[in-house]
Amino acid sequence: MSDQHKASDPRGRRRREQRRLFWVVAIFLILGGGVAIAVVYGSRAVVLGSVCLLTGVGILALLWGILLLIERWVE
């Protein structure tokens, strides 16, 4: 019975998929960006680069949260 409920809940499935995609993008941005910075500029630049990458992830999270609030307000 729970399988039928999951199949008939496209909004819940979409929210779960959006949350999963957000985390994949955030982790890829931090890890991939950190590795790219380390390769190009060296290991000492990774600290400052990581701070900038975390700031970027924070901005993405803020934008995602604003859009989520707007979506809930419209509903």
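Side notes on the structure shown:
- Note on region 35-59: among residues that are among the hydroxyl-bearing types (Ser, Thr, Tyr) and under 18 Å from the mean Cα position of the chain (by Cα), the one that is surrounded by the most Cβ atoms within 10 Å (Cβ to Cβ) is 50.
- Exactly one residue out of 65, 56, 42, 12 is touching a Gly at 6+ places or on another chain (Cβ under 9 Å) and at pLDDT below 95: that is 56.
The values are calculated or read from the model by the stated rules, or taken from the named source; none is laboratory data. Keep in mind that what you see is a predicted model, and the values were worked out from it rather than measured. Cβ atoms come from the backbone with ideal geometry, glycine included; neighbour counts cover every protein chain shown.
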